[in-house]
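All remarks here apply to the structure that follows.
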Amino acid sequence: MEYNFQVIEQKWQNYWTKQQTYRVEIDESKPKYYVLDMFPYPSGAGLHVGHPLGYIASDIYSRYKRHKGFNVLHPMGFDAYGLPAEQYAIKTGQHPAITTEVNIKRYKEQLGKIGFSFDWNREVRTSDPNYYKWTQWVFTKLFSSWYSNGSKKAESISMLEQIFKLNGSKKVDAACGEVKNFTAEEWKAMDKYQQQEILMNYRLAYQSNTAVNWCPALGTVLANDEVKDGLSVRGGYPVERKVMKQWSLRVTAYAQRLLDGLDQVDWSDSLKEMQRNWIGKSVGAKVFFKLEKYNDSLEVFTTRPDTLYGATFMVIAPEHDWVNKLTIDKQQQEVEAYVKWAKSRTERERMTEVKKVTGVFTGSYAIHPFSGEKIPIWIADYVLMGYGTGAIMAVPAHDNRDYAFAKKFDIPIIQVVSGGDISEESYDAKEGVLMNSAFLNGLSVKKAIGAAILKITKLGIGEKKINFRLRDAIFSRQRYWGEPFPVYYKEGMPYVLSINDLPLELPAVDKYLPTEKGEPPLARAKNWKTKEGYPLEVDTMPGFAGSSGYYLRYMDPQNSKQYFSPQAINYWQDVDLYIGGAEHATGHLIYSRFWNKFLYDMGMVVKEEPFKKLINQGMIQGRSSFVYRIKGTSKFVSFGLRNKYDTQRIHVDINIVDNDILDIEAFKKWQPDFAEAEFILEEGKYICGHEVEKMSKSLYNVQNPDELIEKYGADTLRLYEMFLGPIEQSKPWDTKGIEGVYRFMRKFWKLFHNKDNDFVLSDEKATAAELKVLHKTIAKIENDIERFSFNTGVSAFMIAVNELSDLKCNKRAILEPFSILIAPYAPHIAEELWSLMGHEQSITLAEFPVFNADFVKENDFSYPVSFNGKMRFKLNLPIDLSKEEVEKAVLKAEESQKWLQGKTIRKVIVVPKRIVNIVVG
RNA sequence: GCUCGGAUGGUGGAAUUGGUAGACACGUUGGACUUAAAAUCCAAUGGACAUUGCGUCCGUGCGGGUUCAAGUCCCGCUCCGAGUACCA
């Protein structure tokens, strides 16, 4: 039989489905291994060749681990909530669930054709009530928890209520919002409403007033990238900063643990660094500056308490609570105008116009805590309300932003650290010796920081403080297509539903738009209230809600009583290998870790970090093709001649270009405009130009996997995607090279077949040469898979098949183990050959061949002999010669004489089994 | 600006610990087979010089350095990619 991949692949895909080959259950007799892919959002466009890259790699690894005796959990599911389906629903009125269902079906078909070893019994979809029941449930748990800095973990709110009842708030060290201290008596005297208000400041899922980009015309909150120049990208309506009541998750409570956990995981340095920057820990001090006119102090955060004597002014953010309090009458108008202007700017604008220095004087002064001098308080939008206290002490000599501000508004600049020329620019480095700083003079920066903190602590005007850049995650969306919050309101206070009332299913609505009053779409639902008649929350959860804990649900996906059973978590523990795109570095991968740490505190999961090893697959870029039209004509000129004319470069569909040569007839048919096209050719061909760009429909460079599978088969596609290059590297897709892999597949097939294409294997004993090829390859493949070097693995197969072909080897003793080696990469052909060899069970169950070093032992080593570092010739020598013997043999060798002639030997370096280098002069 | 990656033939890439640079493919060229094409097979293929052969020199973004030996280590640059952005 010919290598008929279409028949073979169909046959085995059916077999796997029918036999449930990849179904996996807890099996205490085997070690577990959990391989996870980042689950996809099922978009309407389907998969392109870039999507399966990571899935193929993880599939190879999963299959390999199975051959190695592991019980492998390798599931797949869908991140099914998302904006595109909702937008489509708004446009067409079709329920997003229907769109999503259709898209998922298409995704599963496409995935099925590539031959993945997913256990589809464990599929999860975030939009499935049986799944989001547990997303909602975790939310209720977060709502009922607070974070104790003392025990460094989440504790229950009822415990906190007990503490308040007994001791008041004084001794509670919690990650919380701003709360005024109260005594036990005061607590007991409060009414339920007041108590709930206070508890809200402690909950890990809490409601607070948060500034958002509100677009009244669209009736929704927009993300930063949905706003441009103060207008909505969609529709161009005005957008304003508005404070709204929003649910948030107190991710910041876990900042330190999120940072510490990075030391325990096997992730790339760049990814860990990204997370560290995102968490943004900075160590410094909080310092209170007394106000001149009030018996009150302004709190600031600084990382440079050593430069306190250089503080010549203070700045508060335009949103700061004390703007009114600090503004004197004379400045009133100016301040109001400035604050209004600052508020009209979106965060994005403020970011992009970094260089613009703006600000206004309040007219008030603070008192310098050390020198007692008056220093002016300004308002400027380079100070952000969201970080630190929204107020700073400005040290223009040693901070470039303060410097620019002081220069513009003519504020004194006092140098307090030696080094740098203050007349030109600020000196920000943390190096030098203190000056102009009274008791700190002469100290190094490092020592001065300590001394300054000691002093402010003694004076009771501040203390050491750690700040994080990380912000709590806003968890509310005014959208339809997301998880409903399991929350109802009683007398205006939010309460969560009990587990018996979950899932709270997404209700039907007549339209997927906000109401006329500007409420979110859920407000349109009929009877959107509890049994008791209390109104339910109308916001929904964001995209990252469902993806934060999906890896846990795969462990026990059908459990209707629990998120997952204790047996399941005790067996599967955590994800051993996680493969996905780097775009989730700071979103999903922070939220998931937070989610997991919370569940860890609850005693529900057994590992504090969910993802042991993580690999970021690179992007597959497109390779666009171009034609060159002479401007104003319908004449097209070939690539090499394009500079002789005034041309316009036009993207052309890569499907009508082969090896940069344009299919002219297909081009004419491609678009009506080109039907009458004329061509100026080179050597009778139209050569296209090319460039690497992102893969996109609009650039006509999208390669769809279905077409390639149709033409070459899934095994070839799998091999080729791996052969393209290292998994973590971005690389252009180029269909050309797939032919080489396809040739290899047929060559491999031919090893098992004679000239007439009959399946023939010999049972003769394998020769030493054949065994050497096999075992060399076993070692190489094993090593390459273990270090995730899948591209070199493919070339090792090619080398082995080339060598076995040269040896005319068709021996079962070699080809049987070889089939197992290749099975993780090319499972269909491996199954087919395996069954032709007479096996009745799937090759999936076969044990990985064991490497035997005896078969690859060499008697000789071909020494490269260098003179002054330049390789001149090779000399075959017995492998066990000593250094001295090698040296002797090399110097005696005929080829050496030419290089030694008339020279003195200065040194001879012999590295056994590596190299010989002779230094002559 | 800051942080993290990266740069090797015409192309994708290999070289795992400092030890033969360019594995394996693609493409190209030539040849075999064929009426012809496809498929297949064989050979050549980093550059320059020399081609009568042995060959010789140069070569991993650029400039230095360490070393018997550098694609790999160190210092200084250039360019490209990703992330982030007034974080006090």
In region A:785-882, the trypsin sites (Lys or Arg not before Pro) that sit in a DSSP loop and have at most 11 other Cβ atoms within 10 Å of their own Cβ are A:787, A:808, A:857
Can you pull the one-decimal nm distance between simple spin-label points at residue A:180 and residue A:519, each 7 Å off the Cα toward Cβ? 3.3 nm
Contact order normalised by length for region A:630-689, with contacts defined as Cα pairs under 8 Å and 6 or more residues apart; what percent is it? 48 percent
Gain in span if fully extended, residue A:704 to residue A:734, counting 0.36 nm per residue against the direct Cα distance: 9.6 nm
In whole Hz, with x marking every Gly and Pro, tabulate ³J(HN,Hα) for region A:152-164 from phi via Karplus 6.51 cos²θ - 1.76 cosθ + 1.60, θ = phi - 60°. 6, 7, 6, 10, 7, 5, 5, 5, 5, 4, 4, 4, 4
On a 0 to 90° scale, report how tilted helix A:738-751 is relative to the longest principal axis of chain A, with both axes built from alpha carbons and the result rounded to the nearest 10. 50 degrees
If I model a spin label as a point 7 Å beyond the Cα along the Cα-Cβ vector, how far apart are those points for residue A:244 and residue A:909 in nm? 6.8 nm
List the residues whose amide H sits under 5 Å from the amide H of residue A:394, counting only those 5 or more places along or on another chain, with H placed 1.01 Å from N in the peptide plane. A:312, A:313, A:314, A:315
Efficiency of FRET from Cβ geometry, residue A:157 and residue A:290, R₀ 56 Å, rounded to 0.05: 0.90
Residues whose placed amide H lies under 5 Å from that of residue A:155, excluding near-sequence neighbours: A:146, A:147, A:148
Where the Cα pairs of chain A fall when distances are cut into 10 Å bins, in %: 2, 9, 15, 17, 18, 16, 12, 8, 3, 1, 0
Output needed: percent of Cα pairs per 5 Å distance bin for region A:630-689, bins running from 0 to the one holding the longest distance. 4, 19, 33, 29, 14, 1
Under the helix-only model (-39500 (n - 2.57) for each DSSP H run of 4 or more, divided by the residues of chain A), the mean residue ellipticity at 222 nm, to 500 deg cm²/dmol, is -10000 deg cm²/dmol
Over 10 Å intervals from 0, what percent of Cα-Cα pairs in region A:281-468 sits in each interval? 9, 37, 38, 14, 1
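What does the convex hull of the Cα atoms of region A:596-714 come to per residue, in Å³, rounded to a whole number?
192 Å³
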Counting just the Cα atoms, what span does region A:650-782 cover along each of its three principal axes? Round to the nearest Å and put the largest first. 66, 40, 29
Quote the relative contact order of chain A in percent (integer), defining contacts as alpha-carbon pairs under 8 Å separated by 6+ residues. 13 percent
At 4 °C and 1.567 mPa s, what whole-number value in µm²/s does Stokes-Einstein give for the translational diffusion of region A:690-740, with Rh from the Kirkwood sum over Cα pairs? 109 µm²/s
Kindly provide log₁₀ I(q)/I(0) values, in the same order as q = 0.25 Å⁻¹, from the Debye equation applied to equal alpha-carbon scatterers of region A:460-540. -1.30
How many Å³ per residue does the convex hull of the Cα positions in region A:858-920 occupy? 68 Å³
log10 of Debye I(q)/I(0), alpha-carbon scatterers only, for region A:410-564 at 0.10, 0.20 Å⁻¹: -0.66, -1.39
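What length, rounded to one decimal in nm, is gained on full extension from residue A:324 through to residue A:763, with 0.36 nm per residue of separation minus their alpha-carbon distance? Spell out each step's value before the answer.
On the way: separation 439, 0.36 × 439 = 158.04 nm, distance 9.33 nm.
Here the answer is 148.7 nm.
Just order A:546-555, A:100-109, A:42-51 by mean Cβ neighbour count inside 10 Å, highest at the front, would you?
Peptide ranking by packing, descending: A:546-555, A:42-51, A:100-109.
Taking 0.36 nm per residue of sequence separation and subtracting the Cα-Cα distance, how much length would be gained by fully extending the chain between residue A:10 and residue A:559, in nm to one decimal?
Additional length available on full extension: 194.4 nm.
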Placed amide H near residue A:433: partners under 5 Å, 5+ positions off or other chain: A:418
So how tilted is helix A:52-67 from the main axis of chain A? Cα-based, degrees 0 to 90, rounded to 10. 70 degrees
For region A:1-62 and region A:481-557, compute the distance between their C-alpha centroids and round to whole Å. 34 Å
What accessible area, in Å² to the nearest ten, does a 1.4 Å probe give for residue A:176? 50 Å²
Show me the ranking of peptides A:8-15, A:667-674, A:898-905, A:115-122 by mean Cβ neighbours inside 10 Å, starting with the highest. A:115-122, A:8-15, A:667-674, A:898-905
Ranked from highest to lowest mean number of other Cβ atoms within 10 Å per residue, what is the order of the peptides A:825-831, A:169-175, A:400-406? A:825-831, A:400-406, A:169-175
Using only the alpha carbons of region A:707-849, determine the length spanned along each of the three principal axes and report them from longest to shortest in whole angstroms. 46, 31, 31
Inter-probe distance in nm under a simple model that places probes 7 Å from Cα toward Cβ, at residue A:673 and residue A:646: 1.9 nm
Cα-based helix-to-principal-axis angle, A:588-601 vs chain A, degrees rounded to 10: 70 degrees
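The values are calculated or read from the model by the stated rules, or taken from the named source; none is laboratory data. Here the structure is a predicted model, which is why all the values come from computation and not from measurement. Reconstructed Cβ throughout: ideal geometry from the backbone, glycine too, with neighbour counts over all protein chains shown. Surface areas here come from the heavy atoms of the whole protein model, side chains and all, with no ligands, DNA or RNA. Shrake-Rupley method; radii C 1.70, N 1.55, O 1.52, S 1.80 Å.
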